[in-house]
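The values are calculated or read from the model by the stated rules, or taken from the named source; none is laboratory data. Bear in mind that the values here come from a model prediction, so they are computed numbers and not experimental data. Cβ: placed from backbone, ideal geometry, glycine included. Neighbour counts: every protein chain shown. Calculation scope for accessible area: heavy atoms of the full protein, side chains included, ligands and nucleic acids excluded. Shrake-Rupley method; radii C 1.70, N 1.55, O 1.52, S 1.80 Å.
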Amino acid sequence: MSLALEAPTEHEASRDPAAVRQWVEAWNSVSGLPGEIASESRQWRRLGTQRLPVRLTLSSAEDVAAWAGEAIRWERACQRRRKLTERWPALGHAGILSRQFDVLADYADVDFERLINLLDWLIVHPNSQLFPRQLPIQGLDTKWLEVRRGVISDLMRALCASSEETQTRRTASEAPDFYGLCGLLCPPARVRIRILCPELRKLSGGLCDLEVPVQELARLPIQPCKILVLENLETGLALPDIHGTVVVLKLGNAVPLLANVGWAIRSRCVYWGDIDTHGLAILDLARAILPDVKSVLMDESTLLAYRNLCTLEPSQHGADGLTRLTESERRVYQGLKAQTWGTNLRLEQERIPWQHALQAVAAALAEDAAQRQ
């Protein structure tokens, strides 16, 4: 690596000779650091011949680390990389460990050893079907695993790909998620609902507010006429009883889980999310499993009516367009993307006045029920 030192010009030296002198002396007095500093003579009209350092040449990554003040981290990372690649040569390919430099450089010794022990165990037991809490590894707990899922997934993906036995022993290794790669049981996806209809509550033992694994939810002996899908929990908790209706709360991008709930698929569905790009993207996603879902309070007139209550969406959804939106919904999405009404505009559900929101939702549910009849 050859780095130009941006030697001063004669004009700069004439303007501030003390600073240039200090700069030259600093480079000439460098000691204890690797690399070669090359100097050149410059013939200046007014200041005569001056010898200036012009280039620093570093011949290795160790040299670069030393100049960056990272020699200790670099050496630790190199030692740990050698340890991993000697144990599992597959980790030496495709820059896998380069992506994990901070892990190699900064993990405490106890955490690095725990990581090795975990990888060892997962390779020997590629399809244990245990929950993370059940893993017999000293010092391991679910909190430790949770914050390191990305690291573990990256390493396991490389190790699984290199194993000839993987294809026959664990089909789940083809999945990109942490649990599939590690052969572990994923905690069941849970869905929270409120049964707003008193008659339907009688069929569920009188329970109204439930959060259960989706497979258990599917077994509820109910058949609502209408499903209201809400992204805002507090709004869902505030809803009064509504005949024949179940409200599904805060699913977000997990809305496809409803495809596993037969009574939800057979019901008419109304969706109410924030008026922002992500809210409309979730609506688009919902239509993949519930093609007839109708949106409420996600139109341009609502946005403009409460423009003064809007906030900023931290980052917009990446898609340029969404194919399952209605024409009016698509106009709102494109307008938000184009910053038509303001920069990264967002109208959150909870900011819409309650009485107006309640009337709009009730009207949408009643209209949907009438259309079904």
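A P(r) calculated from all alpha carbon pairs of the range 14-142, with 5 Å bins opening at zero, reads 2, 8, 13, 13, 11, 10, 7, 7, 6, 6, 5, 4, 3, 2, 1, 1, 0 percent. Pairs of Lys residues in the chain, spaced 8 or more positions apart or belonging to different chains, with C-alpha separations under 23 angstrom: 5 in total. So which trypsin sites (Lys or Arg not before Pro) in the range 45-126 pass both tests, a DSSP loop state and at most 13 other Cβ atoms within 10 Å of the Cβ? Of the trypsin sites (Lys or Arg not before Pro), the ones in loops of the range 45-126 whose Cβ has at most 13 other Cβ atoms within 10 Å are Arg45, Arg46. For the chain, the longest principal axis of the alpha carbon atoms and the long axis of helix 109-124 meet at an angle near 60°.
Post the alpha-carbon centroid distance, the range 332-369 to the range 204-225, in whole angstrom. The two parts, judged by their Cα centres, are 28 Å apart. Within the listed set Trp263, Trp23, Trp144, the Gaussian network model of the chain (springs between alpha-carbon atoms below 10 Å) gives the highest mean-square fluctuation for Trp23. Counting only Cα atoms, the range 181-264 measures 45, 26, 18 Å along its principal axes, largest extent leading. As a fraction of the 1.4 Å probe accessible area of the chain, surface on carbon and sulfur atoms comes out at 52 percent. Near Cys197, within a Cβ-to-Cβ distance under 11 Å, what is the net charge of the other residues, with Lys and Arg +1 and Asp and Glu -1? Its environment carries a net charge of +2. Here the 3J(HN,Hα) profile of the range 213-229, calculated from phi with Karplus coefficients 6.51, -1.76 and 1.60 at θ = phi - 60°, is x, 4, 5, 6, 4, 5, 8, 4, x, 10, 9, x, 6, 9, 10, 10, 9 Hz, Gly and Pro shown as x.
In the range 122-265, a dipole from Cβ-located charges (positive for Lys and Arg, negative for Asp and Glu) runs towards its positive end, and of Gly180, Leu196, Leu251 it is Leu196 whose Cα lies farthest in that direction.
Between Val30 and Arg307, the simple label model (points 7 Å from Cα in the Cβ direction) yields a spacing of 5.8 nm.
What angle, in degrees between 0 and 90 and rounded to the nearest 10, separates the Cα long axis of helix 354-372 from the longest principal axis of the Cα atoms of the chain? Value to nearest ten degrees: 60.
Accessible area per residue for the range 1-91 is 67 Å², calculated with a 1.4 Å probe on protein heavy atoms, without ligands, DNA or RNA.
Where is the GNM fluctuation largest for the chain (alpha-carbon springs, 10 angstrom cutoff): Asp63, Asp109, Asp16? Checking each option, the largest mean-square fluctuation is seen for Asp16. Over the chain, the fraction of Cα-Cα pairs per 10 Å bin, rounded to whole percents and listed from the shortest bin up, is 4, 17, 17, 15, 17, 14, 9, 5, 2, 0.
When only Cα pairs below 8 angstrom with a gap of at least 6 residues are kept, the range 282-371 shows a relative contact order of 35 percent.
For helix 277-286, report the angle its Cα long axis makes with the longest principal axis of the Cα atoms of the chain; keep it between 0 and 90° and round to the nearest 10°. Between the helix axis and the principal axis of the chain, the angle is about 50 degrees.
Expressed as a whole percent, the proportion of Cα-Cα pairs in the range 77-234 lying more than 18 Å apart is 66%. Taking a ≥ b ≥ c as the square roots of the eigenvalues of the Cα gyration tensor, an a/c ratio of 1.5 or more together with a/b no larger than b/c marks the range 255-373 as oblate.
As a ratio to 2.2 N^0.38 Å, the alpha-carbon radius of gyration for the range 126-165 is 1.29. Beyond 15 Å, the tail of the calculated P(r) for the range 285-335 holds 56 percent of the Cα pairs.
Electrostatic bookkeeping for Arg21 treats Lys and Arg as +1 and Asp and Glu as -1; over the other residues with beta carbon under 15 Å from its beta carbon, the sum is -1. Annotation: per residue accessible area for the range 241-373 equals 46 Å², rounded to a whole number [probe 1.4 Å, protein chains only].
Rounded to the nearest Hz, the phi-derived 3J(HN,Hα) couplings of the range 191-197 under the Karplus curve 6.51 cos²θ - 1.76 cosθ + 1.60 (θ = phi - 60°) are 10, 9, 10, 10, 8, 7, 9, where x marks glycine and proline.
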